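Asker: Pasting a structure here, questions to come.
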Amino acid sequence: MAYRKTPAEIRRLQAAREHLVVCATQVVAEVGWSQASVTAVADAAGIAAGSVYQHFPSKAALAVEVFRRAAGHEVDVLGEVLRGPGSPVERLSRGVRVFARRALENRGLAYALLAAPAEPAVGAERLDFRRRYRALFAEVVDEGMAQGLLPAQNAGITAAALTGAIGEILVDPLGASDDHSTEALLTDLTATALRCAGAPPAEPGPTTPT
């Protein structure tokens, strides 16, 4: 008869795997993908390097899981804002500010998600998540056109421009340690996003959820 894990063993393995992903995420935020070795992650988790392979078949598989978890949370937060209360233009303005502020509050991880050199498996995930960001922006731009708040345009192209521009504008600030100009950056970035969509500048609104 094949051995079957008990519910207690399954829970223990799940907890250990979760702890490993959390520690790997912290390591990536501190040193980037290239230096987040299996040994570094294992040390952070307080386990032997070989134990990592009990949960993930390779470093790439662990990196992909880290990326999916972290990027997935950011997509969910942005989607909550862009589909929340307010007009499409207000939601677009608020969404850009929330996304950028969250990135600037966790610079190491945000840089890893947006731009840091990574192995091909992570690069493929990055492209997929950019498509998800574009879909969210296209949705709110379509709503703005339908309500007469935005001029006629190709929502998909505008969404791609927004996704690319926001990431590119944030790259250099994410690599800096000086955050004194954060509010000015958020204001300029939001204004740029609104101009890209053809909307007039809007007063910044509330900035969170978390």
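The values are calculated or read from the model by the stated rules, or taken from the named source; none is laboratory data. This one's a predicted model, so the numbers in the text were calculated from it and none came from an experiment. We place every Cβ from the backbone using ideal geometry, glycine too, and count neighbours over all the protein chains shown. These accessible areas exclude ligands, DNA and RNA; they are computed on the full protein's heavy atoms, side chains included. Shrake-Rupley method; radii C 1.70, N 1.55, O 1.52, S 1.80 Å.
Asker: Translational diffusion coefficient of region 115-162 at 25 °C, 0.890 mPa s, Stokes-Einstein with Kirkwood Rh over Cα pairs, in µm²/s as a whole number.
Answerer: It comes out at roughly 208 µm²/s.
Asker: A further question on this structure: Using only alpha carbon pairs under 8 Å that are at least six residues apart, calculate the relative contact order of the chain and give it in whole percent.
Answerer: 24
Asker: May I ask you to compute the full-extension gain from residue 58 to residue 130, defined as 0.36 nm times their residue separation minus their alpha-carbon distance, rounded to one decimal in nm?
Answerer: Taking residue 58 through residue 130 to full extension adds about 23.5 nm, to one decimal.
Asker: Once fully extended, how much extra length lies between residue 18 and residue 165, figured as 0.36 nm per residue of separation less the alpha-carbon to alpha-carbon distance?
Answerer: Result: 49.6 nm gained on full extension.
Asker: Which value, in Å² rounded to 10, gives the accessible area of residue 169 with a 1.4 Å probe and all protein chains present?
Answerer: Accessible area, nearest 10 Å²: 60 Å².
Asker: Between residue 157 and residue 119, how many nm apart are label points set 7 Å from Cα along the C-beta direction?
Answerer: Placing both labels 7 Å along Cα→Cβ, they lie 3.9 nm apart.
Asker: Provide the net charge surrounding residue 37, with neighbours chosen by a C-beta distance below 13 Å and charges set as Lys +1, Arg +1, Asp -1, Glu -1.
Answerer: -2
Asker: Taking the Cα-to-Cβ direction at residue 10 and at residue 39 and moving 7 Å from each Cα, how far apart do the two end points lie in nm?
Answerer: Here the answer is 3.7 nm between the modelled labels.
Asker: Based on DSSP H runs of at least 4 residues, each adding -39500 (n - 2.57), what is the mean residue ellipticity at 222 nm of the chain after dividing by all its residues, to the nearest 500 deg cm²/dmol?
Answerer: Mean residue ellipticity, 222 nm, calculated: -24000 deg cm²/dmol.
Asker: Taking R0 as 22 Å, what's the FRET efficiency between residue 30 and residue 184 from their Cβ-Cβ distance, rounded to 0.05?
Answerer: 0.20
Asker: How high is the FRET efficiency from residue 146 to residue 101, r the C-beta distance, R0 41 Å, rounded to 0.05?
Answerer: It comes to 0.90.
Asker: So, one more: Just for the Cα atoms in the chain, what are the lengths along the principal axes, largest first, rounded to whole Å?
Answerer: That gives 66, 44, 29 Å along the principal axes, largest extent first.
Asker: What percent of all Cα-Cα pairs in region 1-56 falls into each 10 Å bin, going from 0 up to the bin containing the maximum distance?
Answerer: Result returned by the calculation: 24, 45, 20, 9, 1.
Asker: Just want the answer: with Cβ charges of +1 for Lys and Arg and -1 for Asp and Glu, which residue in 41, 181, 147 is farthest toward the dipole's positive end in the chain?
Answerer: Looking along the dipole axis, the top candidate is 41.
Asker: Something else: Just the number, please: carbon plus sulfur as a percent of the accessible area of the chain, 1.4 Å probe, no ligands or DNA/RNA counted.
Answerer: That fraction is 55 percent.
Asker: Find, among the trypsin sites (Lys or Arg not before Pro) in region 22-111, those assigned to loop by DSSP (not H, G, I, E, B) with at most 14 other beta-carbon atoms within 10 angstrom.
Answerer: Loop-located and lightly packed - 83.
Asker: Still on this structure, please answer the following. Accessible area of residue 30, 1.4 Å probe, to the nearest 10 Å²?
Answerer: Looks like 150 Å² after rounding.
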